[in-house]
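Structure first, commentary second.
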Amino acid sequence: MPYEHIATELSDGILTITLDRPEQLNAFTATMQRELIAAFDEADADDAVRVIVVTGRGRAFCAGADLSAGPSTFDAGARGRPTDIREYRDGGGMVTLRIFELKKPIIAAINGPAVGVGVTMTLAMDVRLASENARFGFVFARRGIVPEAASSWFLPRAVGIQQAMEWVATGRVFDAQEALRGRLVRSVHPPEELLPAAYALAREIADNTSAVSVALSRQLMWRGLVADHPMKAHMADSRGILIMGASPDVKEGVAAFLEKRRPNFTMSVSKDLPDLFPFYKTPEFE
């Protein structure tokens, strides 16, 4: 479908989603929110998509919320949005929760400033790479607001509570090397090498792995973060081994290894993804 505030391109299994408001430093809007969710819906439904890479057009990744509405930017009532707490939903959080539910691995290629929702939207992504030009800021306290996009859940899990609180409490902007030291990003690259590095990682996934195995592994990892006992992970793992152990993909994966060739996996996420989380009512899960 055509988009207004993002652009998409699918090439050989890799879907690139580009935040596409370069004159506004890709500032986040309600339109961008809706379009990102729609693009993720399309990606999950399309078996041609193996990996998603998200980046920004121009010199910024995303400069945060569009502040063109001035002091009323975050005032729901002034902007005609629901003010009943039972109905109000933070737009950034709707994006990160959709990313959390993705069946495809997703990589952030952070090419420039990523501030506010510009950085919190990446926290639900699986791997973050940054350009040397990237700058980061959890600036909410300096705007008189609180962290959004479910970042109070994602950020401490990514970097630890001490680092998370320092960045959030100060609200200061910091560079890519500090982000690397704080484990917010996996690696830092010269600007011209950022996307090639992201695509190389995406290519390694797309060329060598079972799409169903990766989708299930992603669910196991992210959902495991909220399990209150390792028995829940054990039960989900066991169900995965039981189901996938008899599948065409595991037979192909083992054969390819023994024959020293690249595997040709045939199972698809849209048709063959089992449910590993039925969690029956047993004493272990009461």
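Those helices (runs of 4 or more DSSP H) of the stretch 177-279 in which at least 1 residues are without any contact (Cβ under 8 Å) to a residue 24 or more places away in the chain and of a type in the set (Gly, Ala, Ser), considering only elements entirely within it, cover 191-208, 211-224, 230-245, 248-258.
The residue that is surrounded by the fewest Cβ atoms within 10 Å (Cβ to Cβ), counting only those in the stretch 194-238 that are modelled with pLDDT under 95 and acidic (Asp, Glu), is 228. Considering only residues in the stretch 169-183 that are closer than 26 Å to residue 224 by Cα and under 20 Å from the mean Cα position of the chain (by Cα), the one that is surrounded by the fewest Cβ atoms within 10 Å (Cβ to Cβ) turns out to be 183. Inside the stretch 1-34, residues that are outside any loop (DSSP other than H, G, I, E, B), under 18 Å from residue 48 (Cβ atoms) and of a type in the set (D, E, K, R) make up a count of 1. If residue 98 passes every condition in (1) surrounded by fewer than 22 Cβ atoms within 10 Å (Cβ to Cβ); (2) touching a Lys or Arg at 6+ places or on another chain (Cβ under 8 Å); (3) at pLDDT 95 or above; (4) not acidic (Asp, Glu) but one, which one does it miss? Here residue 98 meets the rest and fails (2).
Collect the residues in the stretch 165-176 that are in a helix (DSSP H, G or I) and in contact (Cβ under 8 Å) with a residue 12 or more places away in the chain, keeping them in residue-number order. Step through it out loud before you land on a result.
Restricting attention to the stretch 165-176, the residues satisfying the condition of being in a helix (DSSP H, G or I) are 165-170, 176.
Within the stretch 165-176, 167, 168, 169, 170, 176 meet the criteria.
Within the stretch 7-49, being surrounded by 19 or more Cβ atoms within 10 Å (Cβ to Cβ) and either hydroxyl-bearing (Ser, Thr, Tyr) or not assigned by TED's automatic domain parsing to the domain that holds residue 118 (or both) holds for 8, 16, 18. Number of residues in the stretch 30-76 that are at pLDDT 95 or above, within 17 Å of residue 114 (Cα to Cα) and of a type outside the set (Gly, Ala, Ser) equals 10.
The values are calculated or read from the model by the stated rules, or taken from the named source; none is laboratory data. As the structure is a prediction and not an experimental result, all values here were calculated from the model. Reconstructed Cβ throughout: ideal geometry from the backbone, glycine too, with neighbour counts over all protein chains shown.
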